[in-house]
Protein chains: 2
Amino acid sequence: MKPAVRKPYAVGIKRREEILEAALEIFSVQGYRGAALADIAARVGLTLAGVLHYFSSKEEILATVLQRRDEGLTPWFVDTWAETGSFSSAVHELMVHSMQSPHVLRLFVTMSAESTDPSHPSHEYFQQRYRSSREHFGEVLRQAKELGQVQPAVSGPVLMAVLDGLQLQWLLDPTFDLLGELDGYLQTIAVNPGPLS
Amino acid sequence: MKPAVRKPYAVGIKRREEILEAALEIFSVQGYRGAALADIAARVGLTLAGVLHYFSSKEEILATVLQRRDEGLTPWFVDTWAETGSFSSAVHELMVHSMQSPHVLRLFVTMSAESTDPSHPSHEYFQQRYRSSREHFGEVLRQAKELGQVQPAVSGPVLMAVLDGLQLQWLLDPTFDLLGELDGYLQTIAVNPGPLS
């Protein structure tokens, strides 16, 4: 019996993955509102009903896409920090990484802003997302301070605000020197900042 | 002739003001998308056609509302700075002032995020708004540095990012300690910061 049960389960997992990958690609290019479930279905060779077998709505697909990207970023950041040995370099690399997918970044910026409306379907998701991010950034900063890489007065929510706010300015205006501004800020919070240019 | 020409002109100015005030009030409560031009018209005792005599669209009203609020904030900030004598206190008061109108704040946060899409009707307005804000903040910070109130390494875009990003976190979660985080940040950029709590 076991193989017969396992196989469809594994196929289901694989299908879900395919749908999520297709959705991220389509949301990134067409935006959330511009994307139709039918386009996502067509990309993975399913009917609309086929997609709805795995996800109840476009909204649920979006929430899962966002969540998965968030989950992926944390280990990515920790690995990059371990490799570079520098908190500032890891934050810089995180931004370089994000800038490679401006559509995904735009999706996050727009969805988080829209979700400030308490009646928005993603309100709770983003509220929880920011709470988790504050905890995560708080823990990461605590370690960076212990290692003597960041000044004691730096707070997680402020660092998150700097990243969010600079990204917004860059998305609005691609000529804005996002990395230059970020590096300038990172120098001000480092324990032994070098001379500012 | 002159009085005859002047009177309708003055009436037109007054009407425009009334429409803008009504629109700000309605946008603030119902949001931009939820607000109908007809509601704005009803509030000022005009027909829809009457409103369209002064503004071509809801979008144009929104752009004017945003622009006027922006214009009002600059002299307000300069006055508050002069009164308190402290750059940090003026920024703190600016935030207190903004928090008194969470709907207006939400309107700005949502519109600026949506406008990152180059095809959005407000894209150019927000692009220009952020460029102007960077110039304005740059000039204000230059003065604050000359007065020895702010550390030389602080940049206008980063300060703007901190304000935008913290506001977003607060709008998503009213239990977030926006003013506490802002004050903590302001202490880190002050020239002679007091002890951090």
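Nothing in this text is a laboratory measurement; each read-out follows from the coordinates by a stated rule. Keep in mind that what you see is a predicted model, and the values were worked out from it rather than measured. In this analysis, Cβ positions are derived from the backbone assuming ideal geometry, glycine residues included, and neighbour counts consider all displayed protein chains.
Computed over chain B with a Gaussian network model linking Cα atoms closer than 10 Å, the most mobile of B:V78, B:V104, B:V140 is B:V78. Within the listed set A:L179, A:L24, A:L48, the Gaussian network model of chain A (springs between alpha-carbon atoms below 10 Å) gives the highest mean-square fluctuation for A:L48.
How are the alpha carbon pair distances in region B:116-191 distributed across 10 Å bins from zero to the largest one, expressed in percent? It works out to 18, 38, 32, 12, 0, in whole percents. Other residues lying with their Cβ under 12 Å from the Cβ of B:L66 contribute a combined charge of -1, Lys and Arg counting +1, Asp and Glu -1.
Ascending distances from the A:D39 label point to its copies in the other chains, with the point 7 Å along the Cα-to-beta-carbon line: 3.0 nm.
Spread over its residues, the convex hull of the C-alpha atoms of chain A is 152 Å³ per residue. Under 5 Å from the amide H of A:V150 lie the amide H atoms of A:K145, A:V191, each residue being 5 or more positions distant or on a separate chain, with H modelled from the backbone and absent for Pro and chain starts.
With each label modelled as a point 7 angstrom along the Cα→C-beta vector, the B:E135-A:D70 pair spans 3.9 nm.
Averaging 1/r across all pairs of distinct Cα atoms in region A:11-60 and inverting the result yields a Kirkwood radius of 10.6 Å. Which whole-number percent of Cα pairs in region A:32-91 have a distance greater than 18 Å? Taking all Cα-Cα pairs of region A:32-91, the fraction more than 18 Å apart is 52 percent. Each other residue within a Cβ distance under 15 Å of A:L20 adds +1 if Lys or Arg and -1 if Asp or Glu, for a net charge of -2. If you put a point 7 Å past Cα along the Cβ direction, how far is that point for A:E83 from the same point in each other copy, in nm, smallest first? In ascending order, 5.3 nm. Projecting label points 7 angstrom from Cα along Cα→Cβ for B:K145 and B:V11 puts them 5.4 nm apart. Listed by chain and number, the aspartates and glutamates whose C-alpha is less than 12 Å from the C-alpha of B:K58, apart from same-chain residues fewer than 8 away, are B:D39. Placing +1 on each Lys and Arg Cβ and -1 on each Asp and Glu Cβ, with no other charges, gives region B:1-138 a dipole about its Cα centre of roughly 540 debye. Taking only the alpha carbons of region A:1-113, we obtain Rg and Dmax values of 16.9, 53 Å in that order. When the convex hull of its Cα atoms is viewed from all sides, region A:73-177 shows a mean projected area of 7.1 nm². Ranked from shortest, the separations from the 7 Å Cα-to-Cβ label point of A:L147 to its equivalents in the other copies are 4.0 nm. Let me test this: with uniform point scatterers at the alpha carbons of the protein assembly as shown, what is the Debye-based log₁₀ I(q)/I(0) at q = 0.09 1/Å? Here the Debye-derived log intensity ratios amount to -0.63. In this simple spin-label model, placing a label point 7 Å from the Cα along the Cα-to-Cβ direction at both A:Q30 and A:E59 gives a separation of 2.0 nm. For chain A, modelled as a GNM whose springs connect Cα atoms under 10 angstrom apart, the maximal fluctuation among A:L172, A:L62, A:L182 occurs at A:L172. At q = 0.12 Å⁻¹, what log₁₀ I(q)/I(0) does a Debye calculation on the Cα points of region A:96-155 give, no solvent, two decimals? Those come out to -0.44, one per q. So if R0 is 41 Å, what FRET efficiency would B:Q100 and A:M99 give, r being the distance between their Cβ atoms, rounded to the nearest 0.05? That gives a FRET efficiency of 0.70.
The phi torsions of region A:108-115, fed into the Karplus equation with coefficients 6.51, -1.76 and 1.60 and a -60° offset, translate into couplings of 5, 4, 5, 5, 5, 5, 4, 6 Hz, rounded to whole numbers, with Gly and Pro shown as x.
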